């Protein structure tokens, strides 16, 4: 029976997205994040619990991020590369404090299948429920929209507060018939939600080819009417469109780099939804949005995470 190696990174919460991306770029077949804030905050917001959660699995401080490697990728060189790249995050002014990297052997069958018994449908809003593709689920009411996902690559199951904030915001932003850009699409969950809410076209981008495949696979699980294109791209570099909505659920530091291109690629009156922003970075992102011409429409927060809806002003 094949053995994989699990790489565990215990680090401060702000580094979650960056370390997850590093694991994927190094070849991890999946990423999971254990964050005690998620465990403690879910009941407060009234969501059904997606996982059969056990409090002892959550670190008392910071987060525990796990990646999975096999064969030649499961090497000491990979471990050292992981450590070096986490250290390098400090040059991007990301507040990376002390971290610990450990490895452990795991059995393929146990890792690949055992977790599925804990993954169940979750109601994100009254109108939107995320369902693992192998689960049978019956709508609770006619207006309920179902997002089917295969979260095997863990690019975003919809349960993290940043994604929940985006899904809730999209319900208020989309009226039907819009053109939307999804930057850093990951699992494709926001693309799928946008299509279910009635947008006309979605152009989704991700820097990682594996994420693009994951998003395409998940889009194909859902019966969608929108015209959807998903392809690799570095943020909005080289993109020249006039969209109604741009959504980016990524790291605050990356959002800061994206803001000028987001403004350029929005129609007057268009909306920019940014999430993945740790609360300590909120003011910096808000200031940059204003400096680049945006008007702040709404700021929403869940636990330590913030989502911002900004509007490109109408032309005089």
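Tabulated data
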{"quantity": "Residues of the range 217-232 satisfying the condition of being buried (at least 19 other Cβ atoms within 10 Å of the Cβ) and under 12 Å from residue 184 (Cα atoms)", "calculated": "230"}
{"quantity": "Near pairs, Cβ below 9 angstrom, 6+ apart or cross-chain, from the range 141-154 (outside the structural domain of residue 185 (by TED's automatic domain parsing) and under 11 Å from residue 121 (Cβ atoms)) to any residue that is assigned to a loop (DSSP other than H, G, I, E, B) and at pLDDT 90 or above", "calculated": "146/222; 147/222; 148/222; 149/188; 149/222"}
{"quantity": "Where residue 256 falls short, out of the listed (1) farther than 27 Å from residue 304 by Cβ; (2) within 19 Å of the chain's Cα centre (by Cα); (3) at pLDDT 95 or above", "calculated": "(1)"}
{"quantity": "Hey, residue 189 in contact with a strand residue (DSSP E or B) (Cβ under 7 Å, 6 or more places away or on another chain) and not assigned by TED's automatic domain parsing to the domain that holds residue 13 or not", "calculated": "yes"}
{"quantity": "Residues satisfying the stated conditions in the range 234-257, i.e. closer than 17 Å to residue 290 by Cα, in contact (Cβ under 8 Å) with a residue 60 or more places away in the chain and surrounded by fewer than 23 Cβ atoms within 10 Å (Cβ to Cβ)", "calculated": "253, 254"}
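The values are calculated or read from the model by the stated rules, or taken from the named source; none is laboratory data. Remember, predicted model here, so these are calculated numbers, not experimental data. Neighbour counts are summed over all protein chains in view; Cβ atoms, including those assigned to glycine, are modelled from backbone coordinates with ideal geometry.
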